[in-house]
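Heads up: the structure comes next, in structure tokens.
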Amino acid sequence: MRRKVRSMALAIGLGAFVLGCATTSNLPMTADINDYVTLGTDTNILQTVAFEYESKISDGIIKPCEKDRGPEQSSHPGYRHTESTTLERMLNEYMGHKFFQMNPDAKIRIKVTLTDFWIEQYLTDSTGKVVKSASSGGEVSSVCLAKVKVLVTINRSGVDYSEILVGSAEETHVSGFGTEAQRSYRYKGKESVEHTHAKNINQANNEVLVLMNRYFENMDL
């Protein structure tokens, strides 16, 4: 019984180590728009639009949630993110490509509001495997997920049309314990959990742009 309790304690401690370091770290976020968005966007050369961006989310520290947007991991130090400004840069670039004519006084007004943003991070391996990896070396897997929610409002001839769009992305992150595992390329900085989260966020932002592009087409824009 005592051994089982000790194993559980070790698993919990290792889980905390895998899911986050002891101090707050930066997410290496990018504002890259992928080719799927760029090639799938037809430029509107006929209509003039006005564009406005608003964010309900402030750049700063975000703590990952448990699976299915469970409670925040209060013991996690969190990550520093720039989602609000990063998404704004992507939207400005996309809108400049989508609409040839933009004017703040245009009769067609488009407003995009970042309403919600969160990340999830949780272990997928059993307690037994986590303990074994900690004691004798091996791999521990966890899921990293990002979700971005925006509200798109189009005002045309005094009438508002709105749509909520949600972009998401997830990836399995593998941490290595033991000499051989840590030597592997996948455990170097490029594949850190911070890079995994940052990549997911960029993919979720791009998915928002894809959905927005379809919405504009449905609205004859």
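The values are calculated or read from the model by the stated rules, or taken from the named source; none is laboratory data. Note that the coordinates shown come from a computational prediction; the quantities given were computed from them, not determined experimentally. No Cβ is skipped: glycine too gets one built from the backbone with ideal geometry, and neighbour counts run over all protein chains shown.
Checking each residue in segment 23-40 for being of a type in the set (A, V, I, L, M) and either at pLDDT below 95 or not in a loop (DSSP other than H, G, I, E, B) (or both) picks out 37, 39. Within segment 48-90, the set of residues being in contact with a Lys or Arg (Cβ under 7 Å, 6 or more places away or on another chain) and part of a loop (DSSP other than H, G, I, E, B) comprises 73, 76, 78.
Considering only residues that are among the aliphatic types (A, V, I, L, M) and within 21 Å of residue 149 (Cα to Cα), look in segment 30-62 and name the one that is surrounded by the fewest Cβ atoms within 10 Å (Cβ to Cβ). Let's see the steps before the verdict.
Filtering segment 30-62 down to residues among the aliphatic types (A, V, I, L, M) leaves 31, 33, 37, 39, 45-46, 49-50, 57, 61-62.
Restricting the remaining residues to those that are within 21 Å of residue 149 (Cα to Cα) gives 31, 33, 37, 57, 61-62.
Details: 31: 16, 33: 19, 37: 22, 57: 18, 61: 11, 62: 22.
That would be 61.
Filtering segment 187-209 to residues that are at pLDDT 95 or above and in contact with a Ser or Thr (Cβ under 9 Å, 6 or more places away or on another chain) leaves 198, 199, 200, 201, 202, 203, 204, 205, 207, 209. Of the residues in segment 33-43, not one is over 21 Å from the mean Cα position of the chain (by Cα) and closer than 18 Å to residue 114 by Cα.
Can you work out which of the residues in segment 95-124 that are farther than 18 Å from residue 82 by Cα and either of a type in the set (Gly, Ala, Ser) or in contact with a helix residue (DSSP H, G or I) (Cβ under 6 Å, 6 or more places away or on another chain) (or both) is surrounded by the most Cβ atoms within 10 Å (Cβ to Cβ)?
Pass one, segment 95-124, residues farther than 18 Å from residue 82 by Cα: 95-111, 121-124.
Those left that are additionally either of a type in the set (Gly, Ala, Ser) or in contact with a helix residue (DSSP H, G or I) (Cβ under 6 Å, 6 or more places away or on another chain) (or both): 96, 106, 123.
Details: 96: 12, 106: 15, 123: 19.
My answer is 123.
For residue 52, indicate whether it is at pLDDT 95 or above and in contact with a strand residue (DSSP E or B) (Cβ under 9 Å, 6 or more places away or on another chain). Outline the logic, then answer.
Details: at pLDDT 95 or above: yes; in contact with a strand residue (DSSP E or B) (Cβ under 9 Å, 6 or more places away or on another chain): yes.
It is true that residue 52 is at pLDDT 95 or above and in contact with a strand residue (DSSP E or B) (Cβ under 9 Å, 6 or more places away or on another chain).
Of the residues that sit in segment 91-110 and are part of a strand (DSSP E or B) and within 17 Å of residue 215 (Cα to Cα), which one is nearest to the chain's Cα centre (by Cα)? Steps first, answer last, please.
The first filter runs over segment 91-110 and keeps only residues part of a strand (DSSP E or B), leaving 99-102, 108-110.
Next, from what is left, pick out any that are within 17 Å of residue 215 (Cα to Cα): 99, 108-110.
Numbers: 99: 26, 108: 30, 109: 27, 110: 24 Å.
Among those residues, the one meeting the criterion is 110.
Within segment 139-153, the residues that satisfy the criterion of being β-branched (Val, Ile, Thr) and surrounded by fewer than 19 Cβ atoms within 10 Å (Cβ to Cβ) are 143, 153. Flag not set for residue 126, criterion: modelled with pLDDT under 95, out of contact with any strand residue (DSSP E or B) (no Cβ under 7 Å at 6 or more places or on another chain) and over 24 Å from residue 76 (Cα atoms).
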